[in-house]
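Written out below as structure tokens is the structure these notes cover.
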Amino acid sequence: MDVVGQERRQKRFNEFKRILETADITTVFQPIVSLKNGNTIGYEALSRGPLDSELTSPEVLFRTADELSMVWDLELLCRTKAIERSQCIKSDKYLFINIDPNIIKDEKFRRGFTKEFLRNHNISPKSIIFEITERTAIEDYAAFCDVLKNYTGQGYKIAIDDMGAGYSGLKTITKTRPHYIKIDMELIRGIDRDSFKQALIKNFVNLSISTNINIIAEGIETEEELQTLIRLGVYAGQGYFLQRPAGTFLEIPEVIKNKIAKYNSLSNNVFDYSSTYHYIGAITEEQQALGQDTLCIDVKRHLDENILDGVCLVEDEIPKGLIMQNNLNSAMAKQYGIPLYSRKPISLIMDYNPLIVDYYTPINTVSELAMDRDSARIYDCIIITKGFKYSGLVSIKKLLQYTTAMEKSYARELNPLTGLAGNVIINRVLTDTISYSKNCCIVYADLDNFKSYNDVYGFENGDKIIKLAANIIEKRVKSKHPFNCFVGHIGGDDFLFITEGGIEDSNLLCWDIIDDFDKEVLQFFNELDKNNGFIETWDRSGKTVRFDLTSISLAGFSGDPSSFNGPDHISNHMTKLKKRVKKLPGSNYVIFE
């Protein structure tokens, strides 16, 4: 390093020491927002250096602290400032505080987070979430996890920060079993245009459902990213598009809340009418929970008087276990069971590992999780939570009744030949697509010379070609747009699909469909017709006429669909476009903007 560089470095070090001595740190708070309803679940405390300093940036600030081996001193100052500024935070909001894993083990850190210290600042440990930043690798997981257990036992919660970047990884999740996982912004950036990122986040969401860990997406900067994350089922998010950090506890703007509500509504139907978006909260019964210290005899009386199958046992509204009536009766029916258990707390015999899912978990996912349990627990009630707090119970009987009715209703709306969504669903999707007011591509597909094929080869073989077309369209559309597409069967040899891709993606998609169809449809013609490149049949007057081999025509619209008045308006427009495409020879397509 040259002399100038050394002088700059020393100047930066002196500035850092001045900041520590004068406590010249600014704390700002960025909301972390539920992507289910737009409510703020908490705030992340973020520290900044002085505005007129080269250490304004937190990255530069902490890098300098690391160079001077003063990370502990800086973190202590940042935490103290954050807690001092958080005395007015609402009791139902969490405070996310960044912690380096090497710092949390320090005895000084423990003293800094005693209940008395927090009580003096009007904050409960149950409102604090330690956000493990992993600026450095965790070298001793066993010791680190012991420290975490000490804090979680007092009511603190744990979040793993920057999942997908740095040292954050599956090992950390496996070892620490956090309450939250925060997805690094690099995985969120442009997720609306990246199917690989979408698939990755969807897997994280599936993991979160089965482990009761909540996913938070960091760095949401565009409306398209927000909409995609909602569709993928991500629990919560933060970022400049929702709200920038501020010196106080701001809510997100009402216009953003409305967008979240709108996209949740649309996620329930646009592009997907499967059972994926029927939430378990719809059938939750708001049954009273009991404390885990309740005496067994009192729990039995509660179950008998209210004719209940089971009851959730809680501590400060947080589910800690479950007791089913049959299990309680079995315990007390044993020899000396009544005198042994009657005056003892239910925590002695309750199930400490019941199935707990969030209110917004899809019903079909809950059903799969419930059926995957061991046979001894398969009929146990399911505990439903909202933000970790107890919300109610769902019995297996009610779950099965609902899923059966849901599947019957959905099956009636599918085309019986291809299993694709039929006209009832198609009309709903088109209606919602119009209200969605976001650029998309709507494509109608129609087979050419199909009636002639039926006349020569028969309807049974004609049905096979329809199935072939359905399979090709569905496979190609869903492989290119796995989380943002819809495929429907209008009837006969007519199909419709919708994607969020731009016109270039749609052009490539149509070419892929045409290429697959033209190759695979040949197997349904005899050798003579394949060699000729046409089939012969007779018209009504008995004259021989020739028709080209069956091909496929695709006519699409790309752009904002809000200019259409309804499904009929779209249908009429597409019919005109199809006529233009069908005049072209062989399989062809045209996408109009």
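Shown is the FRET efficiency for SER375 and ARG412, computed with R0 = 45 Å from the Cβ-Cβ distance and rounded to the nearest 0.05: 0.85. For a test of the definition: using alpha carbon positions, the gyration tensor, and the 1.5 limit on a/c, classify segment 282-404 as rounded, prolate or oblate. Prolate is the answer for segment 282-404, as a/c is 1.5 or above and a/b outweighs b/c. About the centre of its Cα atoms, the chain shows a dipole size close to 1040 debye [charges on the beta carbon of Lys, Arg (+1) and Asp, Glu (-1) only; nearest 20 debye].
How far, in degrees from 0 to 90, does helix 71-85 lean away from the longest principal axis of the Cα atoms of the chain, to the nearest 10? In the chain, helix 71-85 runs at an angle near 80 degrees to the longest axis.
How many percent of DSSP beta bridges within segment 357-481 run antiparallel, rounded to 5? For segment 357-481, the DSSP antiparallel bridge percentage is about 75.
Of the lysine pairs in segment 233-377, how many meet both conditions: Cα atoms under 30 Å apart, and a spacing of 8 or more in sequence or different chains?
6
Put +1 on the Cβ of each Lys and Arg and -1 on the Cβ of each Asp and Glu in segment 458-537; which of LEU468, PHE497, HIS481 then has its Cα farthest toward the positive end of the dipole? With unit charges placed on the Cβ atoms, the residue in question is HIS481.
Neighbour counts of other C-beta atoms within 10 Å: give me THR172, THR211 arranged from fewest to most.
Ascending number of Cβ neighbours within 10 Å: THR211, THR172.
Rounded to the nearest 0.05, what FRET efficiency do THR211 and LEU584 give with R0 = 45 Å and r taken as the Cβ-Cβ distance? Could you check? The formula returns an efficiency of 0.25 here. Under 19 Å of direct C-alpha separation, and excluding same-chain neighbours fewer than eight residues apart, LYS578 reaches these lysines: LYS451.
Beta-bridge orientation, the chain: approximately 60 percent antiparallel, per DSSP, counting only bridges with both partners inside. When the chain is described by a simple charge dipole with +1 on each Lys and Arg Cβ and -1 on each Asp and Glu Cβ, the residue from PRO125, GLY49, GLY533 located farthest towards its positive end is PRO125. Taking other residues whose beta carbon is less than 13 angstrom from the beta carbon of GLY219, and scoring Lys, Arg as +1 and Asp, Glu as -1, yields -4. Length available on full extension from CYS88 to GLU286: 0.36 nm per residue minus the Cα-Cα distance, which gives 68.2 nm.
The dipole here belongs to segment 413-592: it is taken about the Cα centre, uses +1 on the Cβ of Lys and Arg and -1 on the Cβ of Asp and Glu, and is about 340 debye.
Counted without the sites themselves, the longest stretch of the chain free of chymotrypsin sites (Phe, Trp or Tyr not before Pro) in a DSSP loop having at most 12 other beta carbon atoms within 10 Å is 353-593.
In terms of surrounding Cβ atoms within a 10 Å radius of their Cβ, GLU67, GLU75 rank from fewest to most as GLU67, GLU75. Once a ≥ b ≥ c are taken as the square roots of the eigenvalues of the Cα gyration tensor of segment 409-467, is the result rounded (a/c under 1.5), prolate (a/b larger than b/c) or oblate (a/b not larger than b/c)? Oblate shape, in that a/c is at least 1.5 and b/c is the bigger or equal ratio. Label reach from SER330 (point 7 Å along Cα→C-beta): in segment 370-393, amide nitrogens under 12 Å belong to 375-380.
When the chain is described by a simple charge dipole with +1 on each Lys and Arg Cβ and -1 on each Asp and Glu Cβ, the residue from GLN335, LEU414, CYS441 located farthest towards its positive end is GLN335. Which of these values of P(r) over Cα pairs in 10 Å bins from 0, in percent was calculated from the structure shown: (1) 3, 14, 23, 26, 20, 10, 3, 1, 0; (2) 3, 14, 17, 12, 8, 8, 8, 7, 7, 7, 5, 3, 1, 0, 0; (3) 3, 14, 20, 20, 16, 13, 8, 4, 2, 0, 0? It is the one labelled (3). Extension gain for the segment PHE196 to TYR141, taken as residue separation times 0.36 nm less the Cα-Cα distance, is 16.7 nm to one decimal.
Helix 223-232 and the longest principal axis of the Cα set of the chain meet at an angle near 90°. Taking trypsin sites (Lys or Arg not before Pro) in DSSP loop conformation with at most 13 other Cβ atoms inside 10 Å as exposed sites, the chain has its longest uninterrupted site-free stretch at 91-333. Spatial offset of segment 173-234 relative to segment 331-405 amounts to 28 Å, using the alpha carbon center of each.
Rounded to the nearest 20 debye, the dipole size of segment 3-265 about its Cα centre is 720 debye, using +1 on the Cβ of Lys and Arg and -1 on the Cβ of Asp and Glu.
So how far, in whole Å, is the C-alpha centre of segment 454-531 from the one of segment 34-104? What the calculation gives is 54 Å, centre to centre. Seen against the Cα atoms of the chain and their longest principal axis, helix 141-152 is set at about 80 degrees.
Each reported figure results from applying straightforward, stated rules to the coordinates on display, with no laboratory input. Bear in mind the structure is a predicted one, so any value in this text is a computation, not a measurement. Because the Cβ atoms are built from the backbone with ideal geometry, glycine has one as well, and the counts that use them run over all protein chains shown.
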